[in-house]
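The values are calculated or read from the model by the stated rules, or taken from the named source; none is laboratory data. Treat the numbers as computed from the prediction; the structure is a model and nothing was measured. Quick reminder, even Gly has a Cβ in these numbers, built from the backbone with ideal geometry, and neighbours come from all protein chains shown.
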Amino acid sequence: MNSGSATILVADDSMVVRAVLRRQLEADGHTVVEAVDGAEALRACREVRPDVVLLDVEMPVLDGHATLERLKADPELRDIPVVFLTGRVDTADVVTGLRLGAHDYLRKPFESNELMARVSAALRTKWLQDELRSRNAELDRVSRIDMLTGLYNRRHLDEHLRRAIAAARRHDREVGVVLADIDHFKLINDHHGHLAGDAVLREVATRLQGTVRTEDALGRWGGEEFIAVLSDTSPEGIAVIAERMRQVIAASPFTLDDGSQIPVTVSIGHTSGSGDAEILVHRADDALYAAKGAGRNRVEAYAAA
Ligand SMILES: [Mg+2]
């Protein structure tokens, strides 16, 4: 990866300098995109997303420093390393450039070796940053997934619920919360072992996944409890989905690894609103306990006492 070819933007108002840079960079296997001034350089950055920018300081329309400032102010572009090119002998513009966030600088006239060394260093920085970013994204993804079932975990669902409520409030709508709890789960663990219990949790997750719409979020709330956050649904719509969730579990027995089949059911409580997230979950929980109390394998809507 370190010696791979990159896309390099050369921004310089001098045709001669651009031609020299292009020749040397292309000889090294890179793809070169040219810009004649700062404004064009910014446009090219947005369009081609170069891996490195070689930026002349003295250019018409928008000079190198102003261009650098705008690049660094743009969250989409600020991580592209910039090596600026300066012909001046004093150090003031070097200091300014570095202070504005340039990765490095190169004095004209430059030698080919030095150009390549500085471009390589800038590319290494870029690739390390990209790798770090994708690793962080992966870490973030993993931190939101329940490892046993592959569904979202409580952390993600909690955040999702708060976001969904905020969005619902803006549009004068309500969010549905559905809590489903596996009936007599402790007995399954006691009679068939924890591995069978885990298999049941996974199968419940798989079956429930087919019951919600793409805009809804389904997750494991904890233990043997699952939650669905339904955006933009009427109370009737929520009741329909909740009933579908109950049916899909009760419809056919679960087959364990040893071939034995066991009936599994869930009790479900649901509610809707656009108020406090914790209160919504609390109400769904109240309804869930009502469903348990009324004999399990049932769906109950929250009813204010
Ligand atoms: Mg110039």
Odd one out for Val200 among (1) within 25 Å of Gly295 (Cα to Cα); (2) not in a helix (DSSP H, G or I): (2)
Condition check for Val89: in contact with a strand residue (DSSP E or B) (Cβ under 9 Å, 6 or more places away or on another chain), without any contact (Cβ under 8 Å) to a residue 24 or more places away in the chain, assigned by TED's automatic domain parsing to the domain that holds Arg118 and surrounded by fewer than 20 Cβ atoms within 10 Å (Cβ to Cβ): yes
Pairs with Cβ under 7 Å, 6+ apart, first in region 139-165 and without any contact (Cβ under 8 Å) to a residue 40 or more places away in the chain, second assigned to a helix (DSSP H, G or I): Ser143/Arg155; Arg144/Arg155; Arg144/His156
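Please go through region 1-56 and give me each residue that is part of a strand (DSSP E or B), within 16 Å of the ligand (Cβ to nearest atom) and not small (Gly, Ala, Ser), ordered by number.
Answer for region 1-56, where residues must be part of a strand (DSSP E or B), within 16 Å of the ligand (Cβ to nearest atom) and not small (Gly, Ala, Ser): Leu9, Val10, Glu34, Val53, Leu54, Leu55, Asp56.
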Extreme residue, nearest to Thr211 (Cα to Cα), among residues of region 235-245 that are surrounded by fewer than 20 Cβ atoms within 10 Å (Cβ to Cβ) and in contact with a strand residue (DSSP E or B) (Cβ under 8 Å, 6 or more places away or on another chain): Glu243
Residue match in region 60-79 (condition: under 20 Å from Val32 (Cβ atoms) and assigned to a strand (DSSP E or B)): no
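Per-residue answers, yes or no, for (1) part of a strand (DSSP E or B); (2) at pLDDT below 95; (3) in contact with a Ser or Thr (Cβ under 7 Å, 6 or more places away or on another chain):
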position	(1), (2), (3)
Thr214	no, yes, no
Arg220	yes, no, yes
Leu230	yes, no, no
Gln247	no, no, no
Ser267	yes, no, no
Gly275	no, yes, no
Leading residue by the ranking (farthest from Leu280 (Cα to Cα)) among those in region 150-176 that are over 20 Å from the mean Cα position of the chain (by Cα) and acidic (Asp, Glu): Asp172
Residues being under 15 Å from Val20 (Cβ atoms), part of a helix (DSSP H, G or I) and touching a helix residue (DSSP H, G or I) at 6+ places or on another chain (Cβ under 7 Å) - total across region 91-115: 2
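Residues checked against (1) assigned by TED's automatic domain parsing to the domain that holds Val266; (2) farther than 21 Å from Gln247 by Cα; (3) touching a helix residue (DSSP H, G or I) at 6+ places or on another chain (Cβ under 7 Å):
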{"site": "His191", "(1), (2), (3)": "yes, yes, no"}
{"site": "Ala199", "(1), (2), (3)": "yes, no, no"}
{"site": "Ala205", "(1), (2), (3)": "yes, no, no"}
{"site": "Leu208", "(1), (2), (3)": "yes, no, yes"}
{"site": "Gly219", "(1), (2), (3)": "yes, no, yes"}
{"site": "Glu224", "(1), (2), (3)": "yes, no, yes"}
Single condition Pro109 does not satisfy, out of (1) modelled with pLDDT under 95; (2) outside the structural domain of Ala27 (by TED's automatic domain parsing): (2)
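A quick yes/no check of all residues on (1) more than 16 Å from the ligand (Cβ to nearest atom); (2) surrounded by 13 or more Cβ atoms within 10 Å (Cβ to Cβ); (3) charged (D, E, K, R):
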site	(1), (2), (3)
Arg70	yes, yes, yes
Pro81	yes, yes, no
Phe84	no, yes, no
His103	yes, yes, no
Glu114	yes, no, yes
Ala122	yes, yes, no
Asp140	yes, no, yes
Leu157	yes, yes, no
